[in-house]
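The values are calculated or read from the model by the stated rules, or taken from the named source; none is laboratory data. Note that the structure is a prediction, hence the values are computed from the model and not measured. Every residue, glycine among them, receives a Cβ derived from its backbone with ideal geometry; neighbour counts consider all protein chains shown.
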Amino acid sequence: MTEAANPIYTVSSAPHAHSGDTVRRIMLDVIIALIPAMIAATYFFGWHAIRLMLVCVIGCVVTEAACRKMMGRNLAIDDLSAVVTGILLAFNLPPSLPTWQALFGCIVAIAIAKQVFGGIGYNPFNPALIARVALLVSFPAAMTRWHSPLNTARWTSLGWIDGATTATPLDMVKTAITSGDPIPFSWDGSMAMRFFVGNMDGCIGEVSALALLLGAAYLLWRRCISWHIPGSYLATVVLFAGILRVLNPDANMPVSFHLLAGGLMLGALYMATDMTTSPLSKKGQLFYGVGCGLLTMVIRRWGAYPEGVSFAILLMNAVTPLINQFTQPGIYGHKK
Amino acid sequence: MRVTRALRKLRGSIHPQYFKGLTSDCPITEMPIPQKLYLSMSQHLGAPAKPIVAKGDVVTRGQCIAEATGYISVPIHAPVCGKIVDIDSAATPAGTMAPRVVLETDPDNTESTTMSPLSDWQDRPQEELITRISEAGVAGMGGAGFPTHVKLSPPSDKPIDTIIINGAECEPYLTADHRLMIEHSKGIADGIRMMCYILNVKSVFVAIEENKPEAIQAMQDALANAEKIDATVCILPTEYPQGAEKQQIAVTTGREVPSGGLPMDVGCVVENVGTVLAIAEAIEKGIPLTQRVTTVTGHIVKSPQNVLAPLGTTYADLVSFCGGLTAEAAKVISGGPMMGMAQPNLDVATTKTTSGLVLLEQSRVHIYRALPCIGCGRCLEACPMNLVPAAISYAVEGGDYDRAESLNILDCIECGCCAFVCPSSRPLVQHFKLAKPKIILKSRQAADAKGAK
């Protein structure tokens, strides 16, 4: 051809089309899904919820930027993953935790649990849970000092940090059962409803099953998560708790209590479903969910800690590569 | 004649935006003969054809200008009368260099050389028809360009019992096959009967995606009175890559082509509707394959159309026939956007496999800026072969081709579903295309070394 001024077009390998999905959009969806729980946290725990969420989000984003800068890489904070980690870390903290300790958690989550491994996509463990466990081990007293939700001082004073403390329902049950005392509250329909809405002692983001389920419905609709992990996780807890209850009703709480108390909903819906640290295939995700459920119940029933969700998920994170290895899908054209 | 639905779902699939409405209602339009035709000698899979004309020769329409160079090769014919003005070498749409014959056309000369029509084909031996198809230069027009006479001559230990006619056209934008089925259903039906006769097969599936109801109806009507064959129009759900050979065999017959095998390993021959029509024309009318329908489309094309153009028409001529562009093109794709090849300019010319020419403006061009894999698992769900693209991609990126091979990279059909869905925009199938030839070469070398010992 003779046309000299023919333009040179973009040349690249197929495909030339893309769904338009981005990591940023997925993270944004998770943030949107967490909004009901953020509102619930604020409603139940007032200023302290806002304080912890702000501190953790800012702490995580700043730590991420600082780490990336030190490593001489692009900042990568616009993928919003540090924001998600910040919110989830705050959700895993008791309302009275001092700000500096929360910041320590942010540094552990981002610097040690994430950036050391190479940043987003490379972390073997859920960063927010690593931070929670680090805080639990480092500051056991502060991490287990609870203040009741709807405390009258929640909007007026930061002082109730030193005020009357209580225990989480899982704590009370564990103490009562180990010492042989009666359970200090009666578990009935109205109590279960109170727990479902979120009016119970606990970490700021874990209390309201209602808010967490609303957000999870959004994530399912947006196809950011599938039912496989939460479904198998919760089903295993139901089955395990049900069997224990049937075998020995005096020493075990009903299934509904195990579902609503503690961090199970937060863990099953938002922490265990973290894409990077959970298996790739649906089959693998089912195994993983069952493992999380079993470990949670074993720790709750026989472990040293009243709550086992964090440890259960972290342990299953550790075996995720193994699960991936053994749940390779059956390839087209290969005989089984 | 029966009508059925797909036997099963694809193992993985995607639902891209199709944009077929741009051209699906545009009847096939024959474009005026361009001044010059640029005929690549490598329009098919296999050895390039060898020119048998010299610069300065005057040729007539249908005259053979290049002969096949081996069994897996086909000849090339002059689409119109004219004079050979140059024989050189140029890039094919696939980007590889191949000899090229430049023909200055003489549109007023309507003389033509045809082969004798074999209208009594049912009384002729199969070998004669296969030879005719080979002499007419027929190669797969769906995209791969595999010589048709080879497909129709399976070895005796691979009995064929089913023919699948691929009218899925699952690539976004393209409507050439769609229009062919509506406007040339009778010719396609004739071609189907010829294929059945050649392969001595009764059972035929015509596979069409359900977004082409007119084509489904047309093929039903055309096959309604087909005698001696057992034809089935199989309506497939609209999802990509429904038209991929292995996937189509699975959804129509339930059979799975074994890894590394061919459709004939499960008794099937798959042929694109355009190729079937070319078979009919070659046998019944003695016309060699010298033209094809190409969908020239894109939101920036002034009047997108399904253009019937002689082989060797430059993309520039196709675009100007369609009224030019309303905005600057940023990417030009030969074929569809999922598996087509991006072209550096419009100097490239059509071949027997050019099903479409898609022109994209800047805003529709996706730039793959890769982030690390976040393990979302979407590529696993999108993969129609059930591979784990995320893991294979990391193996390739790390240069660990042995691991890539053990993760069955060679089963990849390069459909692009994984890269399409990846939220990290990882160039997944791009990685596989890079590694596959190297892995194949390495295993061949290993086999050779073993043989030498």
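A few points about this structure:
- Residue check: B:P288 meets all listed conditions (1) within 12 Å of chain A (Cβ to nearest Cβ); (2) within 21 Å of the chain's Cα centre (by Cα); (3) of a type outside the set (S, T, Y); (4) closer than 23 Å to B:M31 by Cβ but one, namely (1).
- Residue match in segment A:279-288 (condition: closer than 26 Å to A:F185 by Cβ and under 17 Å from the mean Cα position of the chain (by Cα)): no
- Condition check for B:P34: more than 30 Å from B:V388 (Cβ to Cβ), out of contact with any Gly (no Cβ under 7 Å at 6 or more places or on another chain), within 14 Å of another protein chain (Cβ to nearest Cβ) and crowded, with 20+ Cβ neighbours inside 10 Å: yes
- Residue selected from segment B:254-279 under the condition among the small types (G, A, S) and surrounded by 24 or more Cβ atoms within 10 Å (Cβ to Cβ), by the criterion nearest to the other protein chains (Cβ to nearest Cβ): B:G274
- Top-ranked residue in segment B:210-241 [being in contact with a Cys (Cβ under 8 Å, 6 or more places away or on another chain) and buried (at least 24 other Cβ atoms within 10 Å of the Cβ); ranked as farthest from B:I165 (Cα to Cα)]: B:Y240
- Here segment A:21-75 is the region considered, the condition is being among the small types (G, A, S) and buried (at least 20 other Cβ atoms within 10 Å of the Cβ), and the residue that is modelled with the lowest pLDDT is A:G46.
- 1 or more residues more than 9 Å from chain A (Cβ to nearest Cβ) and either on the phi > 0 side of the Ramachandran plot or more than 25 Å from the chain's Cα centre (by Cα) (or both): qualifying helices (runs of 4 or more DSSP H) within segment B:385-453: B:389-397, B:401-406, B:428-452
- Subset of segment B:176-203 [over 15 Å from B:V233 (Cα atoms) and part of a loop (DSSP other than H, G, I, E, B)]: B:H184, B:N200, B:V201
- Of residues in segment B:117-163 being among the β-branched types (V, I, T) and part of a loop (DSSP other than H, G, I, E, B), the one nearest to B:V293 (Cα to Cα): B:V138
- Residues that are facing chain A (nearest Cβ under 9 Å) and touching a Lys or Arg at 6+ places or on another chain (Cβ under 8 Å) within segment B:336-357 comprise just one, B:A342.
- Subset of segment A:52-78 [touching a helix residue (DSSP H, G or I) at 6+ places or on another chain (Cβ under 7 Å) and either without any contact (Cβ under 8 Å) to a residue 24 or more places away in the chain or within 18 Å of A:D201 (Cα to Cα) (or both)]: A:L52, A:M53, A:A65, A:N74, A:L75, A:I77
- Qualifying residue in segment A:308-320 (condition: touching a helix residue (DSSP H, G or I) at 6+ places or on another chain (Cβ under 6 Å), hydroxyl-bearing (S, T, Y), more than 14 Å from chain B (Cβ to nearest Cβ) and within 28 Å of A:I26 (Cβ to Cβ)): yes
- Matching entry among A:Q101, A:Q115 (being within 14 Å of chain B (Cβ to nearest Cβ) and in contact (Cβ under 8 Å) with a residue 40 or more places away in the chain): A:Q115
- Scope segment A:305-336; condition small (G, A, S) and crowded, with 19+ Cβ neighbours inside 10 Å; matching residues: A:G308, A:S310, A:A312, A:G333
- Qualifying residue in segment B:349-369 (condition: at positive phi, surrounded by fewer than 19 Cβ atoms within 10 Å (Cβ to Cβ) and not hydroxyl-bearing (S, T, Y)): no
- B:S363 vs. criteria in a loop (DSSP other than H, G, I, E, B) and more than 10 Å from chain A (Cβ to nearest Cβ): no
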